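Report on the following structure.
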Amino acid sequence: MPGVPTGRACDACRKQKKKVRVVKSWHTVVFLIRLKCDEKQPACGRCLRLKVSCVGSGQQRFKFKQQQFPPKSNQSNQMTLVPISKSRSTEEEKNYFEIPRACPGNSMTTLMDSFVGAIKRSTDLRYNLWWSFGIFLEDVPRRLGSNEALDRAVDAVTTAHAGFCTRQPVSTEALAKYSYALKTLRVYLDDPLQASASSTLCAVMILLVCQTFIGNNGQVMSGHAQGAASILHARKNFGPRDDFERKLFLSLRGSVLFEGLYNDAIDLTPEEWDALVKNDFDHDQPEGQILRCLARAPVLIKRGKQAIRDGEDLTPLTMEVRPIYEKCKLLLSELKARTVDSETSELSTMPETFMARILRAHYLRTHGIGIAVTIYFNGILQALDPSDYACLIESRSLVEDTLIHAQKSNVYRPVGAGYVIMCLAAAWAVTADPQLRSMVEVAFIDYHGDFVNQNCVNIPRELERASENSCCGIRLHRGTLSTNPSPE
């Protein structure tokens with residue numbers, strides 16, 4: 001049953017037909033023709049215009065036809081396998097042993113095709129899941145069908161992502177699939193064997209991605225990262241087990257680490273934090289090294305809160321934090337230099353090259369994350385030593401760099417620049433200038449509005465809560481916030 005290519009149009013354009021009347025000299029002929037799909041990804045132009053769900057745009061389709069085999073010369077009705085001698089031709093050998101495969105037209109294949117379309121590297125970086133959430137997603141399709149929790153999570157994120165790309169409100173179908181995926185995941189987490197499986201951990205990460213598109217009940221921070229940390233904490237070996245988990249940890253570590261700065265329920269030891277962040281893929285790169293610095297922040301923040309609460313001398317802890325902050329500034333200068341080089345070197349003259357486009361986006365993103373990490377340690381130092389005016393002056397420069405970075409990242413919005421929300425939240429916490437803080441808050445609301453309805457989230461309250469947690473429980477710069485600030 002061989003497959004014959006039938007086109008790359010989306011399902012909606014395939015179903016829609018248009019009547020065309022051709023008037024001849026003595027009669028009129030009416031034809032039904034199929035509308036032409038522009039095959040763009042993640043959604044075609046017609047579906048975007050009509051605001052309908054676009055499924056399968058740009059994906060090669062196949063029509064499976066029954067293959068007819070010539071009758072064998074063997075008179076017996078039973079099938080016999082005859083060994084082929086070396087003297088027989090290759091074509092004869094193929095006729096003897098070729099067995100037609102079953103048609104892959106089931107729901108799992110449809111799900112796999114939709115998910116592959118969402119992570120395909122040729123998809124626009126503004127909406128591409130692979131670029132925004134990690135290279136581990138490329139290994140997910142081959143794991144489908146072996147873990148129901150993973151299957152349900154992939155189904156939920158594919159549906160939510162498709163609706164998000166067409167700028168539609170969160171559909172009931174997406175919410176139902178997300179709820180079903182959560183129920184299935186709970187069943188797997190109750191099984192000790194399945195709970196520690198790589199596919200179950202992957203399902204948690206994919207549900208975290210799905211939560212990006214459907215919202216989080218009015219809260220800025222997610223909740224699945226805490227579940228992932230609990231799964232890892234229950235393992236005997238905290239770090240990645242194989243190549244797939246090393247790719248998975250590249251994405252999972254950021255989600256768990258940044259949420260660990262605000263969520264005290266994520267309680268890991270310093271060794272566990274380091275095992276989570278350390279990765280063979282980037283251990284010698286500045287982005288990997290600066291994340292290893294950030295891996296020390298959750299424990300330092302908890303120690304700082306306890307020391308401030310008990311009235312202890314903060315000088316030893318300040319002396320421990322300062323070298324980490326200085327190292328972050330050195331690594332940040334490397335990330336900035338790399339980004340500037342990519343903007344001024346030969347890479348800027350190759351806009352059509354896939355690798356050049358990916359490198360420019362990667363360097364810009366790692367530079368933004370580096371700014372945020374440096375800001376976090378700047379805020380910790382300000383909380384531990386309020387008289388350190390050098391940190392106060394440097395915080396203003398870091399906040400201004402964050403605003404510039406947010407402007408440059410506009411080209412990758414919405415999905416490809418989702419990390420900027422975290423960068424702006426960190427910048428808001430450390431700035432002392434009311435006008436600068438107001439500008440940061442305006443940018444935060446703008447970026448945050450790409451994913452959820454602003455009316456559903458009390459953004460000033462969430463920013464206050466996040467800044468207190470990341471700065472050892474201290475409000476560095478108290479001030480009155482408006483719900484809708486605007487820069488002067």
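The values are calculated or read from the model by the stated rules, or taken from the named source; none is laboratory data. It should be emphasised that the depicted structure is a prediction, and the values quoted were computed from it without experimental measurement. With ideal geometry, Cβ positions are generated from the backbone for all residues, glycine too; neighbour counts draw on all protein chains shown. We work out accessible area using only protein heavy atoms, side chains counted, and drop any ligands, DNA or RNA first. Shrake-Rupley method; radii C 1.70, N 1.55, O 1.52, S 1.80 Å.
What the table shows:
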| item | result |
| --- | --- |
| Calculated P(r) tail over 21 Å for the range 95-208, as whole % of Cα pairs | 41 |
| ³J(HN,Hα), Karplus 6.51/-1.76/1.60, whole Hz, each residue of the range 431-436, x for Gly, Pro | 7, 9, 7, x, 5, 5 |
| Å² of accessible area per residue within the range 264-334, as computed with a 1.4 Å probe and no ligands counted | 51 |
| Packing-based order for 358-367, 247-256, using average beta carbon neighbours within 10 Å, highest first | 247-256, 358-367 |
| Sequence-distant residues sharing a close amide H with G7 (under 5 Å, placed H) | R61 |
| Heavy-atom surface of the range 350-460, accessible at 1.4 Å and reported per residue (Å²) | 37 |
| Accessible surface of the range 169-266, 1.4 Å probe, proportion on carbon and sulfur as whole % | 52 |
| Whole-Å semi-axes of the range 241-393's equivalent ellipsoid (Cα gyration tensor) | 32, 20, 11 |
| With every protein chain in place, the range 292-420: carbon and sulfur % of accessible area (1.4 Å) | 59 |
| Rounded, prolate or oblate (a/c below 1.5 giving rounded, otherwise prolate when a/b exceeds b/c) for the range 228-300 by Cα gyration tensor | oblate |
